[in-house]
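Working notes, beginning with the structure itself.
Each value in this text was obtained by applying a stated rule to the coordinates, not by laboratory testing. These numbers were taken from a predicted model, which means no experiment stands behind them. Cβ sites come from the backbone with ideal geometry, for glycine too, and all protein chains shown count toward neighbours.
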Amino acid sequence: MEIEDGALKSNFADTDAYDMRIKRFVPYYVEMMNSVLDCLPQLESHLVVLELGCGTGNLSQKLLNKSRYFKLVAIDLTKEMVEKCRVRLAQYTNRTEIICADMIKFRRISNFDYVLSNLALHYPKTDKKKISVCRNVYQSLRPGGVFSFSVMLTSDSPQFAKKNWKRWEENVLQSGIAREELDDWYKTHHGSDHPVPPSLWLKWLQEVGFKSCELVWRETIFGNIWAKKP
């Protein structure tokens, strides 16, 4: 699958198939989304949240259900995803802005209290593009703002990386997916993934100015990273 500036192209145009596939190939999908949202407070006043790579709106919906005080700007570069997200969040139109935009370049200076992302930031092909995301998120957050995102990860140790991939494969196969289907996923979709070790993400976040950066959750080849702007 080809990826351009971190956006899913034609292979993910079928949004229903995308939703089904991601839940089957990420056995910890719900746990992962909950981990991304764990940083959010119990609200008594309005906060503005940006979601990068909103896809069909799974995380967006959980966020808006969590509290009536959240206002959301959700972006994705794939038009089909944006339209599906708008349909899913139709009841929240007074609290949402859902737009087609490139998450690598998107920036609104000091506009957001939180920036969230779920399984999108491993798509940018180069370190330079991933660093651009970190820098633009930092500039878009208000002082004290938090960046929380789940992402596909590799490891600094090739041996540990191989072990995590094997554990993920075992978990996927145990969920009922046939070996042939898993092999097909490798052929048709894995080429769009460009994961890096969590140590690189933490380094980049600190270099652009974030403090208190840490890996707060990990399961096999997926993890959630949290960082706070001073």
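Yes/no matrix, rows are residues, columns are (1) of a type in the set (Ser, Thr, Tyr); (2) within 14 Å of the chain's Cα centre (by Cα):
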site: Lys129; (1), (2): no, no
site: Ser148; (1), (2): yes, yes
site: Met152; (1), (2): no, yes
site: His189; (1), (2): no, no
site: Lys203; (1), (2): no, no
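Could you tell me whether region 53-65 includes any residue that is without any contact (Cβ under 8 Å) to a residue 12 or more places away in the chain and more than 30 Å from Glu181 (Cβ to Cβ)? The answer is yes; a qualifying residue exists.
Filter region 85-123 for residues that are of a type in the set (Ser, Thr, Tyr), in contact (Cβ under 8 Å) with a residue 12 or more places away in the chain and surrounded by fewer than 16 Cβ atoms within 10 Å (Cβ to Cβ) and give the result. Write out each step before concluding.
Step one: filter region 85-123 for residues of a type in the set (Ser, Thr, Tyr), giving 92-93, 96, 110, 114, 117, 123.
With the extra rule that they be in contact (Cβ under 8 Å) with a residue 12 or more places away in the chain, the set shrinks to 92, 96, 110, 114, 117, 123.
Passing the criteria: only Ser110.
The residue of region 68-84 that is farthest from Ala17 (Cα to Cα), among those that are touching a residue at least 60 places away in the same chain (Cβ under 8 Å) and touching a helix residue (DSSP H, G or I) at 6+ places or on another chain (Cβ under 7 Å), is Asp76. Could you check how many residues of region 22-61 are of a type in the set (D, E, K, R), touching a strand residue (DSSP E or B) at 6+ places or on another chain (Cβ under 9 Å) and either surrounded by 14 or more Cβ atoms within 10 Å (Cβ to Cβ) or part of a helix (DSSP H, G or I) (or both)? So the answer is 2.
Selection of region 218-230 for residues being part of a strand (DSSP E or B) and either touching a Gly at 6+ places or on another chain (Cβ under 6 Å) or aliphatic (A, V, I, L, M) (or both) yields Ile225, Ala227.
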